[in-house]
Amino acid sequence: MKGMSTRTITRYAVLMALTTVMTMVIHIPTIGTNGYLNLGDMVVFLAAMLLGRKGGFIVGGLGSALADVLLGYTHYAPITFVVKGLEGYIAGIILDTKLGSSKPIIATTIGGLWMAMGYYFAEIFMYGAKAALASVPGNIMQGLLGAVTSVALFMALRRTKSIKG
């Protein structure tokens, strides 16, 4: 990470670790797809708000994939790296717009919806269309929970002047 300050690298590392932990703390297995629901999306979106699209991708992809490996869902790790990485990247792109900066819930919601659809498309090939479709409602709820909680946390941190923005 040439050209990055120690402070920025530390933020990446802490947010990746927090993503892994929040993904692992509560993981609820899903029916039909051998996946699970979790709270990691909140940190992925927080990373996009704090570090931008690049940070959202790296934190989302690596932190979430590491949780898959540690929890024994290694078959999902490559998919998670791409899906969760793009979730953070997409939210970060939208957060850079006038609409996204004024209404971050829109950016995080779109990122969460992408996550649900990304897993759906991957799971079609893994388990078939019916089983993949069964995971969509839970993934949408997970993404929306992450969207709402990340925005609330970001606003609270901003009010306490813990972060700039």
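Values in this text are rule-based calculations from the coordinates and carry no lab data. It should be emphasised that the depicted structure is a prediction, and the values quoted were computed from it without experimental measurement. Cβ coordinates were reconstructed from backbone atoms using ideal geometry, including for glycine residues, and neighbour counts include every protein chain displayed.
For K98, a cut-off of 19 angstrom between C-alpha atoms picks up these lysines, skipping any fewer than 8 places away in its own chain: K54, K164. Label sites at V69 and K54, each approximated as a point 7 angstrom past Cα along Cα to Cβ, lie 2.3 nm apart.
Multiply the residue gap between V148 and K98 by 0.36 nm, knock off their C-alpha separation, and tell me the result in nm, one decimal place. Computed gain between V148 and K98 is 16.1 nm.
Please report the net charge: other residues with Cβ closer than 12 Å to the Cβ of D96, K and R +1, D and E -1. Local net charge: +3.
Placing +1 on the Cβ of every Lys and Arg and -1 on the Cβ of every Asp and Glu, with nothing else charged, gives the chain a dipole about its Cα centre of roughly 780 debye.
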